[in-house]
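Right, one structure below, let's go through it.
The values are calculated or read from the model by the stated rules, or taken from the named source; none is laboratory data. All figures in this text were calculated on a predicted structure; none of them were measured in a lab. Cβ: placed from backbone, ideal geometry, glycine included. Neighbour counts: every protein chain shown. The area values use the complete protein model at the heavy-atom level, side chains included, leaving out ligands, DNA and RNA. Shrake-Rupley method; radii C 1.70, N 1.55, O 1.52, S 1.80 Å.
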Amino acid sequence: MIIHKMGWPFKKVLYPSLTWSRSAKEKIIYLTFDDGPIPEITEFVLDTLLQKKVKATFFCVGDNVRKHPRVFQRVLEEGHGLGNHTFNHLNGWKTAFSEYVQNIDKCQAYLDPALNGRKWLFRPPYGRITKKQIRAVQQKGYEVIMWDVLSADFMKSLDKKNCLQKTVKYSEQGSIVVFHDNIKAFENMSYALPRYIDTFQAQGYKFGTLN
Ligand SMILES: [Zn+2]
């Protein structure tokens with residue numbers, strides 16, 4: 001059983017300082033992609049977004065930015081938002097405090113020159129972060145972006161049609177939706193993403209970036 005819709009108000013009450021969705025007066029959805037940039041998969045996402053004239057926000061793993069600068073450059077040139085997902089995709093619950101914070105800094109050193117003063121965003125890998133880590137990250141000036149809709153595209157056991165249906169079903173005005181530009185998620189994501197966008201564009205929705 002996968003929780004596609006974050007259990008709010010539970011989460012919002014427990015972690016009110018984190019961003020779970022954006023209040024929106026218009027029909028807008030925030031697409032986010034975690035774990036890239038990597039060749040082919042991130043490029044598939046970029047091609048899809050370009051074709052459908054949609055902007056999104058990419059939560060990058062710093063080491064992937066280091067390894068794939070040309071894919072990263074495309075993310076920037078095509079006007080997408082950008083966030084920090086640590087340098088090595090660390091699990092906050094299993095990582096010592098100082099190591100966690102340093103790993104975020106190391107990632108941000110790659111992102112900051114590209115941000116041009118835009119807002120710093122952070123998303124903890126696996127959604128796992130301690131309260132002490134949250135405070136430290138916020139003191140550095142990051143907005144911590146969670147989500148209210150999880151596509152669960154990375155679940156191999158999830159049928160791609162089901163992945164699409166659930167993600168559509170739980171999305172609403174102001175939703176922050178998570179997809180993954182990684183290998184594990186590709187089969188579900190590559191099916192669901194274009195159809196997801198088509199579904200909401202047909203209803204008059206726009207897609208925004210979070211920076
Ligand atoms: Zn991740």
For Lys27, which lysines qualify as cross-link partners when the Cα separation must be under 28 Å and same-chain residues fewer than eight apart are set aside? Lys5, Lys11, Lys12, Lys52, Lys53, Lys55, Lys119, Lys160, Lys161, Lys166, Lys169, Lys206
Using a simple charge model, +1 on the beta-carbon of Lys and Arg, -1 on the beta-carbon of Asp and Glu, nothing else, what dipole does region 10-207 show about its Cα centre, in debye to the nearest 20? 580 debye
Yeah, region 64-159 with a ≥ b ≥ c from its alpha-carbon gyration tensor (a/c under 1.5 is rounded, else prolate when a/b outruns b/c, oblate otherwise) is oblate
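Classify region 17-71 as rounded, prolate or oblate from the Cα gyration tensor: take a ≥ b ≥ c as the square roots of its eigenvalues, call it rounded if a/c is under 1.5, otherwise prolate when a/b beats b/c and oblate if not.
Numbers: a/c = 3.87, a/b = 1.48, b/c = 2.62.
Oblate.
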Can you tell me the accessible area per residue over region 58-211, all protein chains present, probe 1.4 angstrom, in square angstrom? 45 Å²
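Ignoring ligands, DNA and RNA, how do Thr95, Thr57 rank by accessible area with a 1.4 Å probe, largest first?
Result of the area sort, largest leading: Thr95, Thr57.
Summing -39500 (n - 2.57) over the DSSP H runs of n ≥ 4 in the chain and dividing by its residue number, what mean residue ellipticity at 222 nm do you reach, to the nearest 500 deg cm²/dmol?
On the way: 8 runs with 87 residues, N = 211.
Result for the chain: -12500 deg cm²/dmol, rounded to the nearest 500.
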Can you send over the carbon and sulfur percentage of the accessible area for the chain, probe radius 1.4 Å, protein chains only? 52 percent
